[in-house]
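Below: the structure, in structure tokens.
Here, each number is a calculation from the coordinates, and none is a lab measurement. All of these numbers come straight from a predicted model, not from anything done at the bench. Here the Cβ is made from the backbone with ideal geometry for all residues, glycine too, and neighbour counts use every protein chain on show.
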Amino acid sequence: MLPPLPPDLTPQSYLILGLAHCFWKEEGGLSELQIVEPIPTATLAPLLQGMATSYAVLRATTLGETTQVMAEHFPTAQPGQDFWERAIAAARTYQRDEPAKTHLPLGQERRDFNFNLDRKRILNSRRSVRDSDNVRQHPNTHKRL
């Protein structure tokens, strides 16, 4: 359901949704998840240039039609974390950069991206920092010579 929109956006505001193939780490290994995420213009540009990505499909829609598009075109996918906040932020980027809308007309989808899962996108990964991770510096690095 569409949340209340800020005054600068309407339900007709342009938005691109991306279907990302992500992974969830479990004891036995990794399980694959499909996540729907709003795509801002800053993400769209590198995808169009051929950067490797976990996005298999992008679909142009409006904020008002987002829930319906997700149900029709991405029925098995889950919305990403903070979905509506990110959708509102992404819609604003298309208001600021009108030419970005020409890459994917409203109601259309694109699949011609460099889809690659070699570098897996793990959603629940944790980074553990240890003292052994520190790089030893030369003894004169912090000395005044």
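If I take R0 = 22 Å and measure r between the Cβ atoms of Q49 and R119 in this structure, what FRET efficiency does the formula 1/(1 + (r/R0)^6) give, to the nearest 0.05? Efficiency at R0 = 22 Å is approximately 0.80.
Using the Cβ of E32 as centre and a radius below 13 Å, the other residues enclosed give a net charge of +2, where K and R count +1 and D and E count -1. Annotation for L2 and V135: the two label points, set 7 Å from Cα along the Cα-Cβ direction, are 5.0 nm apart. Packing around the peptides 94-103, 15-24, 47-56, taken as the average count of other Cβ atoms within 10 Å per residue, puts them in this order, highest first: 15-24, 47-56, 94-103. Electrostatic bookkeeping for F74 treats Lys and Arg as +1 and Asp and Glu as -1; over the other residues with beta carbon under 15 Å from its beta carbon, the sum is -2. Computed over the chain, the range of Cα coordinates on each principal axis works out to 62, 45, 32 Å, biggest value leading.
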